[in-house]
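Worksheet: one structure, shown below.
The values are calculated or read from the model by the stated rules, or taken from the named source; none is laboratory data. Worth saying up front: this structure is predicted, and the values here are computed from it rather than measured. Neighbour counts run over all protein chains shown; Cβ positions are idealised from the backbone, glycine included. We work out accessible area using only protein heavy atoms, side chains counted, and drop any ligands, DNA or RNA first. Shrake-Rupley method; radii C 1.70, N 1.55, O 1.52, S 1.80 Å.
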Amino acid sequence: LHNAVAEIERSYKLGLRAVFIEPGRSPGCDVDDRKLYPIYEKCAELDMMMIPQTSGPYAGKNMDCAHPHRLDRVAQDFPTMRILAGHGCYSYVREAIILAARNENVFVSPDMYVIQLGTEDWVKAVNSKFFGFQDQFLFGSGFPAVPIKRFMDEFRKIPWSEEVLPKILYK
């Protein structure tokens, strides 16, 4: 039987500092299911970033398995654990923005969804100082699902402000 907590400890000793999970696929639960809490506790203890899959056609058995309200519970219960919402909780873009604005430990990276399915809300939130969201939006490409050159060609067309673009890409 696979012991996820032991695997996290082993991986930490190898120098890894992030854990990616797809709770909708295995063990087949929502991101805020209490059976995942020992994993979250270990990540918080070791200061490892948690990256749950938060959208996509294979994210789970129901559409809201990784809805931002579920991730908000996890962020509130583990305020020292950094959480990166991979795929940016698409299609719940506005809720993901509020999730990050509410929780300093939550970051979003909509990766391929930022170019494939619309940018307007992301750009407004990232370019605005109102949400304090500029340091919580991270670049991601979705490679290999989207070829990197094609992604970057499209990403450069997005009207990010000159001030935030370096933050998104490398700061």
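The table below gives the values:
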| quantity | calculated |
| --- | --- |
| Accessible area per residue in Å² at 1.4 Å probe, computed on region 81-162 | 50 Å² |
| Highest-MSF residue in the chain out of PRO38, PRO144, PRO159 [GNM, Cα springs under 10 Å] | PRO144 |
| Loop-located chymotrypsin sites (Phe, Trp or Tyr not before Pro) in region 136-170, at most 12 other Cβ atoms within 10 Å (DSSP) | TYR170 |
| Relative contact order (%) - the chain, alpha-carbon pairs under 8 angstrom, separation at least six | 16 percent |
| Over 32 Å between alpha carbons, listed pairs LYS35/LYS129; LYS42/LYS167; LYS35/LYS157; LYS129/LYS149; LYS129/LYS157 | LYS35/LYS129; LYS35/LYS157 |
| Simple spin-label estimate for LEU169 and ASP153 in nanometres, 7 Å along Cα-Cβ | 1.8 nm |
| Equivalent ellipsoid semi-axes - Cα gyration tensor, region 1-71, angstrom | 22, 12, 11 |
| Tilt relative to the chain, helix 93-102 - C-alpha long axis, 0 to 90 degrees, to 10 | 70 degrees |
| With all protein chains modelled, accessible area of MET152 [1.4 Å, Å²] | 30 Å² |
| Accessible surface of SER55 - all protein chains present, 1.4 Å probe, nearest 10 Å² | 10 Å² |
| The chain - charge dipole about Cα centre, Lys and Arg +1 at Cβ, Asp and Glu -1, debye rounded to 20 | 280 debye |
| Alpha carbon Rg of the chain, scaled by the compact-globule rule 2.2 N^0.38 Å | 1.02 |
